[in-house]
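Here's the structure we're looking at; comments come further down.
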Amino acid sequence: MVRFRLLAAGTVFLLTAALTFAAPPATAVSSGATTSTIITKTNPTDRTYPGGRGENDLVLYTPDSGSTSTGTNPYGAESVVRAGVVVSIDGNDSPIPADGFVVSGHGEGAEWVLDCMPVGAEVSVKGKRVLARITPQSLVYQAEQLLAKSPKPEGDAATSAALARELVSKASAALAAGTKEADARPMLDEAVVLARAVSYAAVASPTTEGRALWLRLDRDNPKSAHQAVESARALNANMLFPETIYWSRTINPPVEADSMPQHKGHRGTDPLRTMIDEGHAHGIEIHAWCEIFFIGPPKIQDGEPSLLTMHPEWLALDRLGRRNANTEENFFYVCPARPEVHEFLLRQLEGLAKAYELDGVQLDYIRYPGAVTPDDGFCYCDYCRKTFKAEAGADPRKLDPKRDKELWARWNTWREDRVTSFVQAAHSRLHAARPGIVVSAAVVPDPEESVTGKHQNWLRWSQKGWLDLVCTMAYRPDAKGVENVTREALEIIGQKPPIMVGLGPFLGFSADRLIEQIEASRAAGTVGQALFSENALTPEQRNALSTGPWKNKAKTGL
Ligand SMILES: [Zn+2]
């Protein structure tokens, strides 16, 4: 006990000195308590869902399953346990080890895996219950794994690495000599913090790369535009994607007589102008993130003007005549096919590009609402039904997707073409309004899924030269999946146009995982990363970015 106290006191000076280069947040991962939860399924045989993992499930896969891997899809998180210790965390289809098992979660289950089963955690299964505990050995394991990422640290990092190793060995010796776990933990926590800082310092930080932050300004805070630029500066980000058109309202004051109304909270200010002025002064590009066919959630019925009240006749209708998207939180969309909708929206984009020195305009929700069944699909407004019928001889609402296969395929292509014609026009009119502007789109990363699910053919837009940049929304908890989906997309489109990978720290994964995803997206050959979103970044993630992959300033290179 005395020995431990002396050791701990002796480390304080060195620790402070070593930390000056990294300043990691004070929150170290340490909890001696055992957490447990209920397993919803073990080795499921009903595989209606990939791997048999359904909504909010926590599934146990053991070697008894007879499968070599879990077979799950990317929309979850899973910990691989060998000899009672978590050896890795991944998103999907993990190998099932012969000397262990995999715990795989979706939704609430995934949250539990990410929160309670980090690498190094001791895990056991008792009946229907899985128990996890961060032990001193877990912390030793974590420190060693982090140090292994940086075999040859230099300068301050070398000092920190040596100190982390010293703390690990001293804590281990203290434990062997009978020191209580709780008394040895502070040393190990310090070792992990140091080892983490060493691992971040070892991550490359190229000086040419796009680093973007999507963000929504706080409408009740007049300083939010200034703060957004300051946040980008602190992180060495070089692009901001401020949500400029959303809920069929803008953050900026109207630029023309028929412009969309300004969001109430921003009235009397021009946050877009502030971001452009301040951002450009610091080498930060501003790309106006604009939501196109999605015009708002149900709460836009707040007495303020929106397209819902200004042009109710433009609203998209599903096959059952409903205005709210059944698969998307009852969102409202405008009809993605009507010429007057296109003209109105194109004028909004043009107006922005003429009035503001924007570096880019990003098209988001440049698609139909997602549909699981044909009845959930859009749009069956009078215009769409009449126009398609005049061309194809059939009312699309009366088509049976199974019986009328050819006409149904034609109906799908017809819808896809409406979105495509919008993108083509947007590209040409935006370039006419502001030569050199970068027109990008935020898209479903898998080019096939984007067409079948959303009538969003970004592959075609890319091949035709109607996009200058693609931002794939690769929001998932793992790094391997980000790399795979990005490699596939790049293989198909080449580097024309370049791809920036959209990563989803809002999903709540760890700072370490965010760094791994950035490294994965670089390895795949992208020109940068866009993070969704600035608002969602935790202090740990911010620290990891500014001491790791974004520690050097970079030019966008676009
Ligand atoms: Zn329509």
At 0.36 nm per residue, and after removing the present C-alpha to C-alpha distance, how many nm does the segment from ASN535 to ALA523 gain when stretched out fully?
1.7 nm
Could you tell me the distance between the Cα centroids of the range 288-314 and the range 261-279, to the nearest Å?
19
Label-point separation in nm, ASP115 to LYS264, each point 7 Å along Cα→Cβ
3.4
Expected output is a single nm value to one decimal: the length gained when fully extending between ARG233 and GLU181, i.e. 0.36 nm times separation in residues minus the C-alpha distance. What is it?
14.5 nm
What ranking do GLU304, GLU166 get, fewest neighbouring Cβ atoms within 10 angstrom at the top?
GLU304, GLU166
Which residue, chosen from GLN301, THR556, ASN43, occupies the Cα position most advanced towards the positive end of the dipole of the chain, where the dipole is computed from +1 (Lys, Arg) and -1 (Asp, Glu) charges on Cβ about the Cα centre?
ASN43
Modelled label-to-label distance, THR34 and ALA257, 7 Å Cα→beta-carbon offset: nm?
7.5
Using the structure shown, select from LYS464/LYS553; LYS405/LYS454; LYS496/LYS555; LYS389/LYS464 the pairs with a Cα to Cα distance greater than 22 angstrom.
LYS464/LYS553; LYS389/LYS464
Return one quarter of the surface area of the convex hull spanned by the alpha-carbon atoms of the range 360-519, equal to its mean projected area, in nm².
11.2
If Lys and Arg each add +1 and Asp and Glu each add -1, what is the summed charge of the other residues whose beta carbon sits under 12 Å from the beta carbon of GLU304?
+4
Please get the size of the charge dipole for the range 50-109, origin at its Cα centre, with Cβ charges of +1 on Lys and Arg and -1 on Asp and Glu, quoted in debye to the nearest 20.
120
What is the extension gain from GLU108 to ALA409, computed as 0.36 nm multiplied by their sequence separation minus the C-alpha to C-alpha distance, in nm to one decimal?
104.6 nm
Given charges at beta-carbon only (K, R positive; D, E negative), |dipole| of the chain in Debye
180
Reachable lysines, given that their alpha-carbon falls under 20 Å from the alpha-carbon of LYS152 and they are not under 8 places away in the same chain:
LYS551
At 7 Å along the Cα-to-beta-carbon direction for both GLN424 and GLU304, put a label point, then send me their distance in nm to one decimal.
3.6
In units of 2.2 N^0.38 Å, what is the alpha-carbon radius of gyration of the chain?
1.07
Per DSSP H run of at least 4 residues, take -39500 (n - 2.57); add these up for the chain, divide by its residues and hand me the 222 nm value, nearest 500 deg cm²/dmol.
-12500 deg cm²/dmol
Starting at 0 and stepping by 5 Å, how many percent of the alpha carbon pairs of the range 34-133 end up in each bin?
3, 16, 30, 30, 18, 4, 0
Extend 7 Å from the Cα of GLU329 along its Cα-to-C-beta direction; within the range 509-549, residues with backbone N under 17 Å of that point are 532-537
For a Förster distance of 25 Å, can you work out the FRET efficiency between the beta-carbons of ASP99 and ARG165, rounded to the nearest 0.05?
0.35
List the aspartates and glutamates whose Cα sits under 18 Å from the Cα of LYS41, skipping any in the same chain fewer than 8 residues away.
GLU55, ASP57, ASP64, GLU78, ASP93, GLU108, GLU111
Round to a whole angstrom and tell me the spacing of the C-alpha centers of the range 340-401 and the range 51-71.
40
Fewest first, what order do MET260, MET310 take by the number of other Cβ atoms within 10 Å?
MET310, MET260
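Since every read-out is calculated from the coordinates, none of them should be taken as a lab result. Bear in mind the structure is a predicted one, so any value in this text is a computation, not a measurement. No Cβ is skipped: glycine too gets one built from the backbone with ideal geometry, and neighbour counts run over all protein chains shown.
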